[in-house]
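**Student:** Dropping the structure in here first, questions after.
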Amino acid sequence: MSKYKMNIMGKIALQDYSSIQDYMSIVNRDDDLTIIIDKNDDENIKIICNMLENKNFVISSSKVSDGNRHCIRAFKNID
């Protein structure tokens, strides 16, 4: 099992979602993925959670940590 971590700093722009999607594609079954978003932006958090679920990830936690940073932990359920 591998562990991947993505830190997203600043505001998420439309073109950033393509890079996020590409990063999700390298994660294999049972691998852990942690995404930390710099700003507590509910809309972007919801979009990223939907992207994860559409790519067969199970979100194990989604919470605010370190003030205004949001941490999403997920693992890929199937290939």
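**Student:** Once you list every other residue whose beta carbon is under 10 Å from the beta carbon of F75, what net charge do they have if Lys and Arg are +1 and Asp and Glu are -1?
**Tutor:** So the surrounding residues net to +1.
**Student:** Using 7 Å Cα-to-Cβ label points, what is the A13/R69 separation (nm, one decimal)?
**Tutor:** Result for the modelled spin labels: 2.3 nm.
**Student:** Rank by packing, highest mean first: peptides 67-74, 13-20, with packing defined as the count of other Cβ atoms within 10 Å averaged across residues.
**Tutor:** Those peptides, ordered most packed to least, come out 67-74, 13-20.
**Student:** So what's Rg/Rh here for the chain, counting alpha carbon atoms and using the Kirkwood radius for Rh?
**Tutor:** Computed over Cα atoms, the ratio is 0.93.
**Student:** Could you state the angle between the C-alpha long axis of helix 42-54 and the longest principal axis of the C-alpha atoms of the chain, as a value from 0 to 90 degrees rounded to the nearest 10?
**Tutor:** Taking Cα atoms only, the helix is inclined about 10 degrees.
**Student:** May I pose another question? Could the peptides 53-65, 26-38 be put in order, highest first, of the mean number of other beta-carbon atoms found within 10 Å of their residues?
**Tutor:** The most tightly packed comes first, giving 26-38, 53-65.
**Student:** If you take every DSSP beta bridge whose two residues both sit in the chain, what share of them, in percent to the nearest 5, is antiparallel?
**Tutor:** Among the beta bridges of the chain, antiparallel pairing accounts for roughly 70 percent.
**Student:** Here is a follow-up. Considering only protein heavy atoms and a 1.4 Å probe, what is the carbon-and-sulfur percentage of the accessible area of segment 3-76?
**Tutor:** Exposed carbon and sulfur together represent 46 percent of the surface.
**Student:** Among Q21, N44, N7, whose Cα lies farthest out toward the positive end of the dipole of the chain, if unit charges sit on the beta carbon of Lys, Arg (+1) and Asp, Glu (-1)?
**Tutor:** In the chain, that residue is N7.
**Student:** Return one number: the angle in degrees, 0 to 90 and rounded to the nearest 10, between the long axis of the Cα atoms of helix 16-25 and the longest principal axis of the Cα atoms of the chain.
**Tutor:** Here the helix axis deviates by roughly 20 degrees.
**Student:** At 1.4 Å probe radius, can you tell me the per residue accessible area of segment 1-63 in Å²?
**Tutor:** Solvent-accessible surface per residue comes out at 63 Å².
**Student:** What is segment 3-76's relative contact order, in percent, from Cα pairs under 8 angstrom and six or more apart in sequence?
**Tutor:** 36
The values are calculated or read from the model by the stated rules, or taken from the named source; none is laboratory data. All values reported here derive from a predicted model rather than from experimental measurement. For neighbour counting, all protein chains shown are included, and Cβ atoms are generated from backbone atoms with ideal geometry for every residue, glycine included. Accessible surface areas use protein heavy atoms only, side chains included; no ligands, DNA or RNA. Shrake-Rupley method; radii C 1.70, N 1.55, O 1.52, S 1.80 Å.
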